[in-house]
Amino acid sequence: MLFLQFVFILAGGAVAWMALLMWRADSREPLPGVTLWIVGFTAVGAASAASGVAYWVGDWARGFASHLLLTGGMGLVWLGIRLFLHGRVGLLVFLFVGGLLIGECVGIYWFFFVRESYQERLTITCVTLLLLSMSMAMNLFYAQLGERAVTAAGLCYCLFALLNGLRTITILINPDNLRYFLSGGVSSVVTVLMVVSLIAAQAAHLRMIHDARLEDAEEPE
């Protein structure tokens with residue numbers, strides 16, 4: 001269990017490091033939406049770190065804070081994608097993301113502080129992540145399918161959604177409230193692969209920033 005805690009802390013650091021690289025790439029002339037990517041991925045890294053330090057600071061970090069940081073961060077990333085690709089966030093998109101995150105926050109709070117249920121929290125978070133990641137993937141595919149970095153990011157989010165669903169199913173089939181991510185060998189492996197797919201998505205985002213810089217430099221004055 002301690003080994004997996006270390007893995008989550010390390011993964012949180014890797015995600016935060018990639019967010020720092022995004023900030024450095026975008027620091028001189030900020031592009032639309034990239035700030036939301038940076039804040040969102042930083043929140044995702046904090047979620048992973050919270051799961052890692054829960055052994056020392058208390059179960060609230062893993063059972064409550066990590067869920068909200070993860071989904072909240074992904075919601076910010078999606079809004080950033082809309083800004084980056086379209087230059088704006090439509091009212092319906094904003095209301096959808098906001099309503100989804102508020103609903104999840106209420107559910108996670110209820111099933112942690114009022115009627116504790118790990119399986120219920122897991123299901124709520126899984127559905128929220130599934131909707132967010134698939135929406136991001138479809139938005140990326142429809143926007144600029146010819147751009148390799150954009151397509152790669154979309155594929156990474158599709159993979160993230162698939163792994164998230166598989167992990168949830170394996171844990172629900174073989175539940176163990178005391179072991180969390182170790183509810184089966186498959187769920188442990190899938191959890192690690194989810195981190196890998198998310199870092200790969202960050203790398204694709206970083207490439208999108210560099211490609212946008214190149215396009216701006218090539219445009220005639």
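The values are calculated or read from the model by the stated rules, or taken from the named source; none is laboratory data. None of the values given here were measured: they were computed from a predicted structure. With ideal geometry, Cβ positions are generated from the backbone for all residues, glycine too; neighbour counts draw on all protein chains shown. Accessible surface areas use protein heavy atoms only, side chains included; no ligands, DNA or RNA. Shrake-Rupley method; radii C 1.70, N 1.55, O 1.52, S 1.80 Å.
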Within region 66-73, does at least one residue satisfy the condition of being open to solvent by less than 40 Å² (accessible area, probe 1.4 Å), over 24 Å from V7 (Cβ atoms) and under 17 Å from the mean Cα position of the chain (by Cα)?
no
Can you tell me which of R88, R115 is in the same structural domain as G58 (by the TED database), at pLDDT below 90 and basic (K, R)?
R88
Restricting attention to region 30-42, does a residue exist that is modelled with pLDDT under 90 and more than 17 Å from the chain's Cα centre (by Cα)?
yes
Of the residues that make up region 150-158, is at least one modelled with pLDDT of 85 or more, farther than 21 Å from L122 by Cα and open to solvent by 70 Å² or more (accessible area, probe 1.4 Å)?
yes
Of the residues S117, S133, which single one is touching a residue at least 12 places away in the same chain (Cβ under 8 Å) and among the hydroxyl-bearing types (S, T, Y)?
S133
How many residues does region 14-63 contain that are of a type in the set (F, W, Y), open to solvent by 10 Å² or more (accessible area, probe 1.4 Å) and over 24 Å from F111 (Cβ atoms)?
2
